[in-house]
Ligand SMILES: *Cc1c(COP(=O)(O)O)cnc(C)c1O
């Protein structure tokens with residue numbers, strides 16, 4: 001019995017996986033041509049996928065809710081072209097640092113929300129300096145005081161919201177304020193002639209289903225009943241954050257190279273049904289305000305892939321690639337499973353083999369198997385759906401970083417660097 005079996009994690013269906021892999025193998029010539037044209041390794045951004053996800057997410061929510069706002073969480077993929085495409089799709093940007101705020105401003109948007117703990121004076125000054133474009137989601141009473149002082153110094157009025165903590169236990173306690181603090185902090189904001197209160201935000205990540213978010217909406221609804229009428233007149237939005245897991249589920253490695261686990265995830269339409277119902281029951285009787293969303297992973301996960309080549313076939317079951325995991329910035333594939341596909345010797349059948357990167361560390365793992373007839377030096381390998389929390393975390397460690405190729409719906413692929 002493996003530990004995962006004891007925890008009852010279901011296996012990833014082989015039929016589902018084969019279909020998933022075939023979707024990419026059907027386009028193998030297109031992808032391997034990119035390597036022949038631009039070199040290896042590569043990050044490939046497919047704009048069509050990004051646009052499709054943006055539309056699907058918006059449609060799911062707009063169908064069920066009267067007034068929605070959408071903000072892409074830039075930290076999940078900080079390639080400016082990703083944000084640019086999403087701005088074109090009617091999204092705003094959710095930034096969580098001064099660096100991301102500067103990037104958002106450079107993209108020319110005035111739809112920015114700035115959340116995150118411990119915003120520095122420099123970061124708050126940047127927000128105040130661009131107060132007509134940014135809503136600051138305050139993380140604490142101290143931050144309220146600091147922002148109010150800067151706004152006063154610069155004689156600006158700043159739009160603000162309050163971030164609510166959803167879980168005061170453990171390490172998530174660092175985020176936002178407790179519900180008990182909402183009344184007093186709302187009063188402080190109302191008392192400041194430089195801050196304009198607009199809304200509330202909460203965010204919990206890694207939701208495979210909407211249960212946790214729906215439960216917090218219920219808690220919030222119960223709590224808001226004691227707020228004064230003026231609060232509901234001021235309240236323009238409730239932002240329920242991001243954290244929607246892509247519908248293919250969370251794929252994990254097992255101790256067998258050809259068996260993989262899959263923790264199932266709800267489709268985004270099921271999230272929308274459940275969240276809308278919870279809002280209708282617990283929030284809309286009190287206020288008909290706009291509902292905002294900050295999806296990151298769900299939007300960008302499937303829109304980027306990594307291409308690389310085999311440098312050294314050391315034995316039949318051990319190959320070294322030209323890309324190292326500095327490309328993604330963390331030891332992802334020691335626990336997460338994604339198929340490694342040999343585009344050069346394509347076949348929708350998986351074979352056990354250690355696929356390892358070329359960094360001087362044993363933690364440089366891409367996978368424990370590959371899809372293909374065989375594997376040889378020079379073969380082009382693809383790891384699909386690496387758009388979330390990889391590109392932003394890439395680091396120049398030992399090996400150089402891959403180039404980034406953008407594939408537009410029409411027109412030829414082009415290189416960004
Ligand atoms: C990271 C983050 C998100 C995005 O989370 P995903 O899991 O990528 O959807 C949204 N809002 C806030 C405040 C965040 O910190």
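The values are calculated or read from the model by the stated rules, or taken from the named source; none is laboratory data. Predicted model, so just to flag it, every value in this text is computed and none were measured. Counting neighbours? That spans all protein chains shown, and the Cβs are built from the backbone with ideal geometry, glycine included.
Look at (1) away from the ligand (no atom under 16 Å from the Cβ); (2) at pLDDT 95 or above and you find that residue 316 fails only one, number (2). Name the residues in the stretch 267-300 that are within 16 Å of the ligand (Cβ to nearest atom) and touching a helix residue (DSSP H, G or I) at 6+ places or on another chain (Cβ under 8 Å), would you? Within the stretch 267-300, 268, 271, 272, 275, 291, 293, 295, 296, 297, 298, 299, 300 meet the criteria.
Restricted to the stretch 116-135, and to residues there that are surrounded by fewer than 20 Cβ atoms within 10 Å (Cβ to Cβ) and in contact with a strand residue (DSSP E or B) (Cβ under 6 Å, 6 or more places away or on another chain), the residue that is nearest to residue 93 (Cα to Cα) is 133.
Check the stretch 21-42 and report whether any residue there is touching a helix residue (DSSP H, G or I) at 6+ places or on another chain (Cβ under 7 Å) and over 14 Å from residue 303 (Cα atoms). Yes: the stretch 21-42 contains one or more residues that are touching a helix residue (DSSP H, G or I) at 6+ places or on another chain (Cβ under 7 Å) and over 14 Å from residue 303 (Cα atoms). For the stretch 327-350, enumerate the residues that are buried (at least 21 other Cβ atoms within 10 Å of the Cβ) and part of a strand (DSSP E or B). Of everything in the stretch 327-350, those that are buried (at least 21 other Cβ atoms within 10 Å of the Cβ) and part of a strand (DSSP E or B) turn out to be 341, 342, 350. Here residue 63 fulfils each of the conditions (1) free of Cβ contacts under 8 Å to residues at least 60 places away in the same chain; (2) over 22 Å from residue 251 (Cα atoms); (3) part of a helix (DSSP H, G or I) apart from (1).
Screening residue 138 against (1) within 13 Å of the ligand (Cβ to nearest atom); (2) in contact (Cβ under 8 Å) with a residue 60 or more places away in the chain; (3) buried (at least 22 other Cβ atoms within 10 Å of the Cβ) leaves a single unmet condition, (2). Report yes if residue 311 is at pLDDT 95 or above, in a strand (DSSP E or B) and under 30 Å from residue 378 (Cβ atoms), otherwise no. So residue 311 fits the description; yes. Which residue out of 125, 100 is assigned to a helix (DSSP H, G or I) and within 14 Å of the ligand (Cβ to nearest atom)? Result of the check over 125, 100: 100.
Filtering 40, 76 for residues that are more than 13 Å from the ligand (Cβ to nearest atom) and touching a residue at least 60 places away in the same chain (Cβ under 8 Å) leaves a single hit, 40. No other residue among 292, 300, 353, 360 is surrounded by 15 or more Cβ atoms within 10 Å (Cβ to Cβ) and over 27 Å from the mean Cα position of the chain (by Cα) apart from 353.
Residues in the stretch 377-403 that are modelled with pLDDT of 95 or more, out of contact with any helix residue (DSSP H, G or I) (no Cβ under 8 Å at 6 or more places or on another chain) and surrounded by fewer than 19 Cβ atoms within 10 Å (Cβ to Cβ): 377, 378, 393. Scan the stretch 1-42 for residues that are at pLDDT 95 or above and in a helix (DSSP H, G or I) and the total you get is 23. Tell me yes or no: at least one residue of the stretch 362-376 is part of a loop (DSSP other than H, G, I, E, B), farther than 19 Å from residue 307 by Cβ, out of contact with any helix residue (DSSP H, G or I) (no Cβ under 8 Å at 6 or more places or on another chain) and not assigned by TED's automatic domain parsing to the domain that holds residue 99. Yes, there is a match, as at least one residue in the stretch 362-376 is part of a loop (DSSP other than H, G, I, E, B), farther than 19 Å from residue 307 by Cβ, out of contact with any helix residue (DSSP H, G or I) (no Cβ under 8 Å at 6 or more places or on another chain) and not assigned by TED's automatic domain parsing to the domain that holds residue 99.
Please go through the stretch 188-232 and pick out each residue that is more than 23 Å from residue 267 (Cα to Cα), in a loop (DSSP other than H, G, I, E, B) and within 16 Å of the ligand (Cβ to nearest atom). Within the stretch 188-232, no residue meets the criteria.
Counting residues in the stretch 241-251 that are within 15 Å of the ligand (Cβ to nearest atom), surrounded by fewer than 19 Cβ atoms within 10 Å (Cβ to Cβ) and either in a strand (DSSP E or B) or assigned by TED's automatic domain parsing to the domain that holds residue 351 (or both) gives one or more. Of the residues in the stretch 152-164, not one is within 16 Å of the ligand (Cβ to nearest atom), in contact with a strand residue (DSSP E or B) (Cβ under 8 Å, 6 or more places away or on another chain) and assigned to a loop (DSSP other than H, G, I, E, B).
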